[in-house]
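Shown next, in structure tokens, is the structure this report addresses.
The values are calculated or read from the model by the stated rules, or taken from the named source; none is laboratory data. These numbers were taken from a predicted model, which means no experiment stands behind them. Because the Cβ atoms are built from the backbone with ideal geometry, glycine has one as well, and the counts that use them run over all protein chains shown.
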Amino acid sequence: MLLLKFTLCALINIFPAAHAINVTKVEKADIKFVAVGKPAMLKITGESHDLKPDLNVENQKISGTISVALKTLDTGISLRDEHMKDKYLEVGKYPIAKLQVKDIALPQPLEKISKTDIDTNGTLSLHGQEKSVPLRIHVETQGEKIQVSATTTIKVSDFSITIPKYMGITVADNVDINVSFPVNLKK
């Protein structure tokens, strides 16, 4: 099974305006992933530092997008990066991956949540395809920060991406994705 995890460690500023909270600025973002092949259990890790959030929290609902420039993915091996970007992700044609969420209902105002899990759906745009993906969103207050994470499982083939194979090692079709970031509330 392919295991692909994105871990976003982002410091995000939130600006309140008329009962709305906008998340639009990332001071630091780390996007990390791990891909597992079979049968050899090959692990491929990589990262990016390019995250573009455009989220709005209003009336206890979250809507907006988080985008990542795929050309910024780096596995630490330039030839593997070239194959991943050019042959599989085709970043020349499809440069951005974007997750869109709409009207995700919060059980109470964001700044008052101590801990909650929300099961919902988002739309993932990847490789010229848009697909609905199930999301489990976890929100937890940690001091003055709110830790937000989202997990999903996708099939690479659903996005018309060829499954990488090399010397008898095949990367699995299923991809588990985890996105997390702290949010600072500024009054």
For this session: State which residue is modelled with the highest pLDDT when the search covers only region 131-155 and only residues that are in contact with a Leu (Cβ under 7 Å, 6 or more places away or on another chain) and under 24 Å from Gly92 (Cα atoms).
Result: Lys131
Exercise. Mind checking which residues of region 104-140 are of a type outside the set (Ser, Thr, Tyr) and more than 24 Å from Asn184 (Cβ to Cβ)?
Worked result: Asp119, Asn121, Leu124, Leu126, His127, Gly128, Gln129, Glu130, Lys131, Val133, Pro134
For this session: Report yes if Thr45 is of a type in the set (Val, Ile, Thr) and modelled with pLDDT of 90 or more, otherwise no.
Result: no
Problem set entry | Filtered residues of region 131-157 (kept if of a type in the set (Ser, Thr, Tyr), in contact with a Gly (Cβ under 8 Å, 6 or more places away or on another chain) and within 21 Å of Phe33 (Cβ to Cβ)) | Thr152
For this session: Please indicate, with yes or no, whether at least one residue in region 110-129 is in contact with a Phe, Trp or Tyr (Cβ under 8 Å, 6 or more places away or on another chain), in contact (Cβ under 8 Å) with a residue 24 or more places away in the chain and exposed (fewer than 13 other Cβ atoms within 10 Å of the Cβ).
Result: yes
For this session: Looking only at region 124-137, decide whether some residue is over 19 Å from the mean Cα position of the chain (by Cα), farther than 25 Å from Ile161 by Cα and of a type outside the set (S, T, N, Q).
Result: no
Problem set entry | Some residue of region 149-169 being among the charged types (D, E, K, R), touching a helix residue (DSSP H, G or I) at 6+ places or on another chain (Cβ under 6 Å) and closer than 30 Å to Asp81 by Cβ | no
Exercise. Mind checking which residues of region 48-88 are farther than 27 Å from Thr116 by Cα, part of a strand (DSSP E or B) and either more than 19 Å from the chain's Cα centre (by Cα) or modelled with pLDDT of 90 or more (or both)?
Worked result: Ala69
Exercise. Of the residues that make up region 140-153, is at least one under 15 Å from Gln60 (Cα atoms), in contact with a Lys or Arg (Cβ under 8 Å, 6 or more places away or on another chain) and not acidic (Asp, Glu)?
Worked result: no
